[in-house]
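Heads up, the thing below is written out as structure tokens.
The values are calculated or read from the model by the stated rules, or taken from the named source; none is laboratory data. All figures in this text were calculated on a predicted structure; none of them were measured in a lab. Here Cβ is always computed from backbone atoms with ideal geometry, including for glycine, and neighbour counts include all displayed protein chains. Just the protein is used for accessible areas: all its heavy atoms, side chains included, with ligands, DNA and RNA removed. Shrake-Rupley method; radii C 1.70, N 1.55, O 1.52, S 1.80 Å.
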Amino acid sequence: MPRLLLALLVVAGLAATTHAQPLAPARVWVVDNTAPPGGDGSRGAPLARLALAEQASGPGDVILVLAGDGTSRGLDEGIALQPHQQLLGEHVGFARDGHVIVAPGRAPTLTASTRAVIQLATGVEVAGLIVAASTQPAIAGADLGDVALRARTVLARAAPEPAVAVARAA
């Protein structure tokens, strides 16, 4: 059984900021692995799998992952983020325009076996998740700028892969 290493990323003060043109208002996609199939990604009808949010979302969107049943079922295929997306776990909660969409709760667990659990893109934010990988890096990216991994993000990995692998970041 591989030895599991835990690393807590505390990089709140290390995130860069950009003054790029604002994107259109972001859509919020909610993922809950206890949801029945056929959800539309709203809070009332969440998507049951993270892969569905990856397919449906666009640049600048928010993907909000609920803790669900506490397992990685439906959250086990990894995700390739698009520019300026936010991937947020229930642990940090989420509000928009003063309305709480999800209150802070437990951190969901994301895994993947054939690729990095989270593939970063420029301008993304990742927070409130447990990210577990055994054969690939937990979080990876190349040619990036303006990426924020917030302090409440917890990474888990099994040797020999690194928890975070980023090449050519700005």
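Tabulated data
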{"item": "Anisotropy class of region 30-118 from Cα gyration tensor, a/c 1.5 cut", "result": "rounded"}
{"item": "Sequence-distant residues sharing a close amide H with V28 (under 5 Å, placed H)", "result": "V62"}
{"item": "Among 98-111, 121-134, 66-79, the order from most to least packed when residues are scored by Cβ within 10 Å on average", "result": "121-134, 66-79, 98-111"}
{"item": "Contour excess over end-to-end distance, with Cα ends at V100 and A51 and 0.36 nm allotted per residue", "result": "15.2 nm"}
{"item": "Mean Cα-pair separation over length for region 34-158, i.e. relative contact order, pairs under 8 Å, 6 or more apart, %", "result": "20 percent"}
{"item": "Amide hydrogen neighbours beyond the local backbone of G89, cut-off 5 Å, H modeled", "result": "V65, A127, G128, L129"}
{"item": "Solvent-accessible area per residue for region 17-115 (1.4 angstrom probe, square angstrom)", "result": "49 Å²"}
{"item": "In Hz, Karplus ³J(HN,Hα) per residue of region 107-119 (6.51, -1.76, 1.60; θ = phi - 60°; x = Gly, Pro)", "result": "7, x, 10, 9, 9, 6, 10, 10, 7, 4, 4, 10, 9"}
